[in-house]
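The next block holds one structure in the form of structure tokens; read it before the comments.
FYI, it's all coordinate maths here, none of it is from the lab. In this text the structure is predicted, and so the values were computed from the model without any measurement. Cβ sites come from the backbone with ideal geometry, for glycine too, and all protein chains shown count toward neighbours.
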Amino acid sequence: MSNPIILIPARLKATRLPNKPLADIHGLPMIVHVWKRAMEAGIGPVLVAAAEPEIAEAVNKAGGQAVLTDPDLPSGSDRIWAALNAVDPQGRHDVVVNLQGDLPAIDPQVIATSLLPLADGAVDIATLVAEIRTEEERHNPNVVKAALAFAPGARTARALYFSRVAVPHGQGPHWHHIGIYAYRRQALTRFVDLPVGLLEAREKLEQLRALENGMRIDAALVDTVPDGVDTPADLERARALLANPS
């Protein structure tokens, strides 16, 4: 990989927290905080793939760069693919990081770590996991688990499956999947052209589409799960975490 780009898909439609990307956190919209964290990762240019002009305007006002995408696109991966082709039709960027737009307090180093599995040329898509520490987390269906086995001392491993239940069975660690992806460009192009998979539809997990079609996903291990914002309570927690914004 030689020239990564970070793309942040964002849209205003959200059932639990309407207009989430524009939620105010210490005078800045949440999407701007995410953009700032991505810039601090220092791995390449950062663009917001915005479904609505209001999001693009907020990013541009803060000094960032946004590209408008069709608001009816079905997923974040479709949105970043559309944005990538709009801003880089020449194919200069060979790696695309899909960063969720609801992680305003994410450690920039975590974003950079998402690239590590791509050091293996056989890996199509890289992602992140952290060890599950509590029984509540282990059995919460909203916490996606990755089935993978780290060799002794290793910080990356191949993902064999993703599920909302605790897999694998038996004693041993379970891994909390963190939904940040680094795609090789050709892998992203292939992925968005694939039909919805049977397991994907059953588990409601988009990454299973890649596994069902023989694509390889490896994960890097990080120490903690970034705090996402899905509810008003999450937003208050993010405000507390960013009480002293940079």
Selection within segment 215-239 - over 23 Å from Ala154 (Cβ atoms), over 15 Å from the mean Cα position of the chain (by Cα) and not aliphatic (A, V, I, L, M): Thr231, Pro232, Asp234, Glu236, Arg237, Arg239
Close pairs (9 angstrom Cβ cut-off, 6 or more residues apart or separate chains): without any contact (Cβ under 8 Å) to a residue 24 or more places away in the chain in segment 147-175, surrounded by fewer than 12 Cβ atoms within 10 Å (Cβ to Cβ) and assigned to a loop (DSSP other than H, G, I, E, B) anywhere: Ala149/Gly172
Out of Arg190, Arg158, Arg133, sole residue that is within 29 Å of Ala66 (Cβ to Cβ), surrounded by fewer than 18 Cβ atoms within 10 Å (Cβ to Cβ) and not polar (S, T, N, Q): Arg190
Qualifying residues in segment 223-246 (those that are among the hydrophobic types (A, V, I, L, M, F, W, C) and assigned to a loop (DSSP other than H, G, I, E, B)) - the one farthest from Asn142 (Cα to Cα): Ala243
Helices (runs of 4 or more DSSP H) lying entirely in segment 13-105 (those with 2 or more residues that are out of contact with any Ser or Thr (no Cβ under 6 Å at 6 or more places or on another chain), without any contact (Cβ under 8 Å) to a residue 24 or more places away in the chain and surrounded by fewer than 17 Cβ atoms within 10 Å (Cβ to Cβ)): 53-61, 76-87
Checking Trp175 against (1) closer than 19 Å to Ile106 by Cα; (2) touching a helix residue (DSSP H, G or I) at 6+ places or on another chain (Cβ under 8 Å), the condition it does not meet: (2)
Test: residue in segment 165-178 that is closer than 20 Å to Ser77 by Cα and of a type outside the set (Gly, Ala, Ser): yes
